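Chemist: Okay, here's the structure, questions in a sec.
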Amino acid sequence: MALGRTLSTNFALQLLGKGASALLGLVLVALLTRALGPLGYGEYTTAITYLQFFGVIVDFGLTLTLMVMISESGADEEKVAGNILGLRLVSAAILFALAPVIAMPIPWSPAVKAAIAVGAVAYFLMSGATVLVGVFQRHAAIWRASVAELASRVLLVAATAALAYAHAGLVAMFVALVVANVIWLALTVLLARPLVRLRPLFDFAAWKTVISRSWPIAISIAFNLIYLKGDVIIISLIRTQQEVGFYGVAYRFLDVLTALPTMFMGLMLPSLVADWTAARREEFSRHMARAFDVFALACAPIVFGGIAIAPQLIGLIAGPGFEDAVPAMRILMLAVPGIFLGALYGHAVVGVGRQRQMISGYAVTAILTIAAYLAVIPRWGIEGAAWATVASELLIAFLTYRMVRHAGSAAPSLSIALRSLLAAGGMYVLLQLIPGMSAVASLVVGACSYMAFAYALGAIRKEDLRMLIPHRSPDFTRE
């Protein structure tokens, strides 16, 4: 019970912080799309996506590895955190210095290449901040990480708004990102000090141990990014930057949603590692089953609601001129179950220590998805890319599930998932019967009707509704 309260309290705090950051992120998109238009926002998306590839290489699985290593019995937290921070800073400095050089021969506009050069500095700063998330999770103080990130996002939105008002161009928007990430890193280090004596360490023997633990995760994440973001790079090279802009807006909603299961599983991972290493298989399976139910309750309304009100959401966030993003967004909503289940079982793969065995699954998914992108994007553009993304997410969810089941975890019950689908179907019908609502009104009606249908069908119980009362903490370990 104590574990459930700790997990749920931290999840609620991080959800609050991430929710605010996600809202600010959507405000940022609204500012950028209106200031830059489809072409400029497409160039912005291309530069960001390119830098994300380097960000994954720099991460090298260190964020997850830090979380796992400091959760193990007898771990020297100060030594582990210090050496991982030192390794991250050195590798990030080298790779982000190379990013603009490697981009030079690629047939992108000078504006995109200049944005990459400035953005590389921003991503270097961000890499130092994000690697320390595991420290906050280990000490059940995730609010500290949320405060640092939220402060930087507030500054970013304010700076972007000022630049948009001044009709500044693409590169100026990346300068704002640099300034915001300086604040992010500084606050992260400051807020981590009460928890652990934090300083970069350069013990090469310790680095070797860390790399030996992290490389399977790194390769898996790299393959994951290839099939997640390869579509944007391919669209930018063989279609138009305007299409990248449309696709970037549609995909932004998916990016926001991806943070939710990743955040939840990041909080659960230390418990999963502890359960598995202590041979508490039933406890491990119980936590996984409860997480599956929570994800099912969250996925169903997102998919049905996103499809139903995609035009209103695109209009609200991106404004006029981005209507061509609606079909792609509706297709991408079908990838949400794969994203949630991929996060659930992908983290569980780490928990059961099967990262190396899973590499082939990620590699096969990446190869098949890139082949699909090359086959469908030239003919069907962003809609073809969206369908390939859906297929890749469902495939990786299946492969990670199979790996965890093979390791010995019990299969989850589908009872809550089926009831959630029925409730979401009822919500979808109701939204279709009340046309002409604004995006905000549609969200309110959709959320309220889904809760009502889910409660009537037994997908949500009275105990679950009490989770919403502020003075109590929900227990995610309930069977």
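Every number here is computed from the coordinates shown, using simple stated rules; none is lab data. The shown structure was predicted, so the numbers you read here are calculated from the model rather than taken from an experiment. Here the Cβ positions follow ideal geometry from the backbone for every residue, glycine too, while neighbour counts run over all protein chains shown.
Chemist: Can you give me the relative contact order of the chain as a percent, contacts being Cα pairs under 8 Å and 6 or more apart?
Modeler: After rounding, I find 21 percent.
Chemist: I need the peptides 243-250, 330-337 ranked by packing, meaning the mean over residues of other C-beta atoms within 10 angstrom, with the highest value on top.
Modeler: Going from most to least packed, we get 243-250, 330-337.
Chemist: Quick one: which of 158-166, 340-348 comes out on top by average Cβ neighbours within 10 Å, and what's the full order, highest first?
Modeler: The densest-packed peptide leads the list: 340-348, 158-166.
Chemist: Hey, another quick one. Can you tell me how region 314-391 classifies by the Cα gyration tensor, rounded, prolate or oblate, using a/c under 1.5 as the rounded cut?
Modeler: It comes out oblate by the Cα gyration axes.
Chemist: For region 219-474, just say rounded, prolate or oblate: build the C-alpha gyration tensor, square-root its eigenvalues into a ≥ b ≥ c, call rounded for a/c under 1.5, and beyond that prolate if a/b exceeds b/c, oblate if not.
Modeler: oblate
Chemist: Please report how far the C-alpha centroid of region 272-331 lies from that of region 151-201, rounded to the nearest whole angstrom.
Modeler: Spelled out, the Cα-based centre of one part sits 28 Å from the other.
Chemist: Which value, in debye to the nearest 20, gives the size of the charge dipole of region 138-292 about its Cα centre, when Lys and Arg are +1 and Asp and Glu are -1 at the Cβ?
Modeler: 460 debye
Chemist: Give, rounded to the nearest 20 debye, the magnitude of the charge dipole that the chain has about its Cα centre when Lys and Arg contribute +1 at Cβ and Asp and Glu contribute -1 at Cβ.
Modeler: Roughly 620 debye for the chain.
Chemist: Evaluate 2.2 N^0.38 Å with N set to the residue count of the chain, then give the Cα radius of gyration divided by it.
Modeler: 0.94
Chemist: Let me ask something else. Can you check what the net charge comes to around Ile339, using other residues whose Cβ is under 12 Å from the Cβ of Ile339 (Lys, Arg +1; Asp, Glu -1)?
Modeler: Local charge sum for Ile339: -2.
Chemist: Separate question: Return the FRET efficiency for the residue pair Arg286, Phe398: r is the Cβ-Cβ distance, R0 is 22 Å, and the value is rounded to the nearest 0.05.
Modeler: E between Arg286 and Phe398, to the nearest 0.05, is 0.50.
Chemist: Here is a further query. Restricting to lysines 8 or more places apart or on different chains, can you count the pairs in the chain with Cα atoms under 30 Å from each other?
Modeler: 6
Chemist: Now for a separate question. Treating each Cα of region 86-231 as an identical point scatterer and ignoring solvent, apply the Debye formula and state log10 I(q)/I(0) at q = 0.11 Å⁻¹.
Modeler: Results for region 86-231 at q = 0.11 Å⁻¹ read -0.53.
Chemist: Additional query: Can you sort Arg286, Arg402 by how many other beta carbons sit within 10 Å, fewest first?
Modeler: By the 10 Å Cβ count, ascending: Arg402, Arg286.
Chemist: Additional query: What does the extension gain come out to for Val147 and Met437, with contour length at 0.36 nm per residue minus their alpha carbon separation?
Modeler: Computed gain between Val147 and Met437 is 101.0 nm.
Chemist: Ok, one more. For region 219-474, what does the relative contact order come out to in percent, with C-alpha contacts under 8 Å and a separation of six or more?
Modeler: About 27 percent, as a whole number.
Chemist: Can you find, among Asn83, Tyr50, Val182, the residue sitting farthest towards the positive end of the charge dipole of the chain, where Lys and Arg contribute +1 and Asp and Glu -1 at Cβ?
Modeler: Result: Asn83, furthest along the dipole toward the positive end.
Chemist: Using a Debye calculation, one point per C-alpha and no hydration shell, please list log10 I(q)/I(0) for region 206-346 at q = 0.16 Å⁻¹ in order.
Modeler: -0.95
Chemist: Which residue, Leu254, Ser420, Thr240, has the largest displacement toward the positive end of the dipole of region 219-474 when charges sit on each Cβ (Lys, Arg +1; Asp, Glu -1)?
Modeler: Ser420
Chemist: By per-residue mean of other Cβ atoms within 10 Å, what is the highest-first order of 446-452, 55-61, 180-186?
Modeler: 55-61, 180-186, 446-452
Chemist: Using the Cβ atoms and a cut-off under 14 Å, what net charge is assigned to the surroundings of Pro311, where Lys and Arg are +1 and Asp and Glu are -1?
Modeler: Once positives and negatives cancel, what remains is -1.
Chemist: Using only the Cα atoms of region 155-260, construct the convex hull and provide its projected area averaged over every direction, in square nanometres to one decimal.
Modeler: Projected area, direction-averaged: 10.3 nm².
Chemist: Right, next: Within 10 Å of each residue's Cβ, count the other Cβ atoms and sort Ile142, Ile317 from fewest upward.
Modeler: By the 10 Å Cβ count, ascending: Ile317, Ile142.
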